[in-house]
1. May I ask you to give the percent of accessible area on the chain that is carbon plus sulfur, with a probe radius of 1.4 Å?
2. For Tyr227, tell me the accessible area in Å² from a 1.4 Å probe, rounded to the nearest 10.
3. Please list, in chain and number order, the residues 5+ apart from Ile473 or on another chain whose amide H is under 5 Å from its amide H, with Hs placed from the backbone.
4. Check cross-link reach from Lys442 to the aspartates and glutamates: straight Cα distance under 19 Å, and skip same-chain residues fewer than eight apart.
5. How far apart, in nm, are two points set 7 Å out from the Cα along the Cα-to-Cβ line at Lys554 and at Asp162?
6. Taking H as built 1.01 Å from N, whose amide H comes closer than 5 Å to the amide H of Ser348, not counting residues under 5 places away?
7. From the backbone phi of the stretch 63-74, what are the Karplus-calculated ³J(HN,Hα) couplings (6.51 cos²θ - 1.76 cosθ + 1.60, θ = phi - 60°) in whole Hz, Gly and Pro given as x?
8. Of the DSSP beta bridges with both residues in the chain, give the percent that are antiparallel, rounding to the nearest 5.
Amino acid sequence: MMKRLLTIAIVAAMTTAVGAQGFDNLPDPIEDVNKVVDNTPDSIAKALMSRPKPGTTRVGTNPVLFLVGNSTMRNGTRGDGSNGQWGWGYYANQYFDAKKITVENQALGGMSTRTFYTDLWPAVRDALKPGDWVIVSIGHNDNGEFFDAKRARAVIPGVDPDTCYVGFNQRTQRQDTVYSYGNYLRRYISETRAKGANPILMSLTPRNAYDDKGRIVRKPQTEWAAYIAATEGVPFVDLNERSGQKLDSYSTWKVDYHFLGDKIHTSKFGAEMNARSAAEGLWESLNPLLKPLQTMMVNVDLSRYEVRDSRYENSSEAEMSGAQGNLAPRTSYLAPRKKPTVFFTGDSTVKNADKEEDGMWGWASQAATVFDESKVTLVNAARAGRSTRSFLREGLWDKVYNSLQPGDFVTIQFGHNDICPITDAKARGVIPGTKDTLHVYKMDNGTYEVVYSFGWYLRKFIDDVREKGATPILVSLTPRNEWPGGKIERRDGSYGKWYREVVEQTGVEFIDLHNISADFLDKKFSKPLSSKEMSDKEQRKAAEERIKAKAGAKYFKKDHTHTSKAGAQMNAQSFAKGLRQNKSELAKYLKK
């Protein structure tokens, strides 16, 4: 039996409030007892116009998965990231087959276990049908005052079913009774079951706060929710622990950017992490009550590269499980590899069509010309047309990150597309420079995205690689076939400068491929222009075009950026030269 936390109390404070206040006319944003400003000061009326009416997303007779929570699940009234913050409920539908089930994020910022139950739960409950599912993960706002005029959302800590607190609620202007956290959870459970639906309890998302051992603080509601789940026979997912373990494995800088604005509300990174933790918890659960829901789940296995190098590649999954230790069932395995892998990331200058002998080639397609593949595995993960930002947003970086093992290497080379517009359809542009800065942009399609600086994205990639015990190598962008004044263009004042600033900030290994290849091309093709050519605009342009045509005939293809196969091989040789100059650890895998 859990110790009773509070004896039954009757408060006879029948306060008469002047100017009664409801949720439909909240004042300016309110700072709570945790010194956190709730980011949903908007009215419930406005919120209800943005949140789907409960049950309206149902497709035919398919079930609906209802999400019950607060701003960590749905941030801002619209929940669209316009304030740079996202709740994890926005991304939950990625893990469910829309042909079998729909996901309704009914959460709302500012709600406590109690106020959601009194204000929003009745409409959700009425919409429930047999076979539906309800995830309850709420409690961040459960402290404070019981009956104040602004929120009146506090609950009694713990799980005691008999404790209550009675008084006059200034917000609702009526007599009210407050129960324990556990009591409200029991109500959600019993009322869900009464409609023939299936309740699931989840612990809270973690905060950006550390205990005295340097670990992310685990919330006390976890123990209470786990107890209620056990005694009520309800599936339980410890979201707080799952996401907490991930945060514990990150650098403090990475932890910080998983939150935005304060220590509770998450950025897109944090929201996506929590959504994945929730999905993994459901997917890996052995609770038989979750089997029907698991058949409707998708995309839970991490996106990875299949590096056909494993000593276990011909072994069964069971053998791989034994090799890796105690793994949860249903988890995709990453078996240890015999030799290190080099992952090349970047744009079309790193990976292009790479097919036709007379076509366009990226230099990593020619990496085998300089590396000994009996000693190292080469994976070209670059993608044409990408910038640091779009490579990350499209999940291309995560696929590399999820594939990394200690001892691997990752080359990072971007820049050709990062100068593009920020808000257009391709959404590739970044903030110039290397400051640790960000800005919320409204995209041309009406959505919102937080965009960071060029240097920020590079630092993220570097930090992620090191986190996995692998080695990042920053590579300057390939030179373009432009010859101002008869010498090849050097972009050392922009991207070159930013690369070097990131090197200074992080201590990352740096291969200045840009200048190594430029030196080679200059030696072969540069020609000092005469004073007459320099002074006459037309003659100067003609002279530069002649050099450009000569260099382009062998080393470039179709334009000034993309290389021929010979040009790709030249850049691969430049990369190898840079490794040798650095006495890089990766140099030991080069051909002799």
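1. Numbers: 13150 of 25740 Å².
Roughly 51 percent of what the probe reaches on the chain is carbon or sulfur.
2. Taking all protein chains as shown, Tyr227 has close to 70 Å².
3. Val410, Thr411, Ile412
4. Asp80, Glu394, Asp418, Asp424
5. So the two model labels end up 9.2 nm from each other.
6. Gly385, Arg386
7. x, 10, 9, 8, 9, 10, x, 10, 5, 6, 9, 9
8. Working: 19 of 53 bridges.
The answer is about 35 percent antiparallel.
The values are calculated or read from the model by the stated rules, or taken from the named source; none is laboratory data. Quantities reported herein were computed from a predicted structural model and do not represent experimental measurements. Neighbour counts are summed over all protein chains in view; Cβ atoms, including those assigned to glycine, are modelled from backbone coordinates with ideal geometry. To get the accessible areas, we keep the full protein, side chains included, count just its heavy atoms, and leave off ligands, DNA and RNA. Shrake-Rupley method; radii C 1.70, N 1.55, O 1.52, S 1.80 Å.
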